[in-house]
Structures are given as structure tokens and as C-alpha cells.
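The structure is given below, and queries will be raised subsequently.
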Amino acid sequence: MKVMARTAILLFAVTVLLTGCGGGSRIRTLGYFDASQQRETVYVIPFDATLVPAELGEPIFNTFVDRLNSQRKNTRVSRFMILKEELKEVEPAWLTKQSYISGDIWGFVESSGCCSTEMKVKSRIFLYEAGKNEPSLEVSLPLDDFYEHDRQSASAAKARLGGNLARLLADAIIKKLTP
């Protein structure tokens, strides 16, 4: 029985690798975005994490912002700053004059079997340029991962999934902002 379970896990891992970790990622440029323009601050609005455990949603956002700031030397952005106020408390006229990033994380699902658990999560982020009401970039990224119960804890597997998601999302933004 263990041999069959390990074989199934191996086949799943190979399938995931061949399909690019779940496939379905989409990056859409929705207009012109001038990456060569110097930007003092790009604001980052905390992600809406609907039906996502707090131990996954908040670390994804924090890692995302940390990665943006660690990679900003590749861009013409002086800093990425978290917008501390609730979005409903922010003056819409002020926000429209800023470059900012917003996003959602949703659809977290865990499917456990006898020996392993598969995890799936969906995400979407938007990059808005100052003076525009519509985003210049949309990144949609579903991501999945799995872990074997006897090799990794659930919390470590969630941390790995969240770290990978944050890195992929941040890298898509940095790539768009790199001249």
C-alpha cells in the first residue's frame, strides 16, 4: 500500500513539474506602463484574503512587500510602502494620484489523504499607475503544492506554499517595473 501511495505522489510531483506548478498563471498588461519613470513611492494595499487561513494570508503579504523592497534596486522605485489605513478610509482622489498595488488571495483548499496533503490557493494582484483608474497590470496566479505527512508538518508546508506565492507575485511586479 505504501509503495502505491509513494508512486501516486511521485506521479503527481512529475505532473506538477511538467505543468509549471499548476499552470493557469496569467499576466495581462492592460495599458502602457512606463517603467523608466522614477517613482518615489509605490503603495501596497494589504491583500484581501478571503477564506484563507491567517497563518497563510498575512505572511504572504509581508513576504511579498519584503521581496519588493529587497528587489527595488532593479527598478526606478525608491520604496514600496504599505498603506496602513483601511481602503474605505482613503480619499479616492488621493489614491488615484498614486502608483499602487492591490490584490486578493482566495480559494485555499487542502485535500488530505492517508500519506499526503495537497494544497491549492488562488491569487490576483493589480498594479495601478498614478492618474489612472484602471490597472496597468494584472497578475493571476493559482498555485498548488503538496507534502508528505511523515516528511513535513502542515505549518511548514503552508509556509513554503506562501513563500513561493509571495515570491512569484513580487517577481512579476518587479519585472514590470524594471526598465
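The values are calculated or read from the model by the stated rules, or taken from the named source; none is laboratory data. Not measured: the values here are computed from a predicted model. Note: ideal-geometry Cβ built from the backbone for every residue, glycine included; neighbour counts use all protein chains shown. Note: accessible area is taken over every heavy atom of the protein model, side chains too, but ligands, DNA and RNA are not part of it. Shrake-Rupley method; radii C 1.70, N 1.55, O 1.52, S 1.80 Å.
Contact list please: Cβ distance under 6 Å, first residue in the range 134-154 and over 11 Å from GLU118 (Cα atoms), second residue acidic (Asp, Glu), pairs at least six apart or on different chains.
SER136/GLU129
Hey, among the residues in the range 66-97 that are open to solvent by 50 Å² or more (accessible area, probe 1.4 Å) and assigned to a loop (DSSP other than H, G, I, E, B), which one's nearest to GLY162 (Cα to Cα)?
Per the criteria, the residue is LYS84.
Report, by residue number, each residue of the range 102-150 that is at pLDDT 95 or above, among the basic types (Lys, Arg) and either within 27 Å of LYS84 (Cβ to Cβ) or not in a strand (DSSP E or B) (or both).
The answer is LYS122, ARG124.
Looking only at the range 128-160, how many residues end up being within 21 Å of ILE101 (Cα to Cα), buried (at least 19 other Cβ atoms within 10 Å of the Cβ) and hydrophobic (A, V, I, L, M, F, W, C)?
Of the residues in that region, 4 qualify.
Let me ask something additional. For the range 162-179, which residues satisfy the criterion of being buried (at least 19 other Cβ atoms within 10 Å of the Cβ) and touching a Phe, Trp or Tyr at 6+ places or on another chain (Cβ under 9 Å)?
LEU165, ALA166, LEU169, ALA170, ILE173, LEU177
Is it the case that the range 35-52 has a residue that's modelled with pLDDT of 55 or more, open to solvent by less than 90 Å² (accessible area, probe 1.4 Å), part of a loop (DSSP other than H, G, I, E, B) and among the hydroxyl-bearing types (Ser, Thr, Tyr)?
yes
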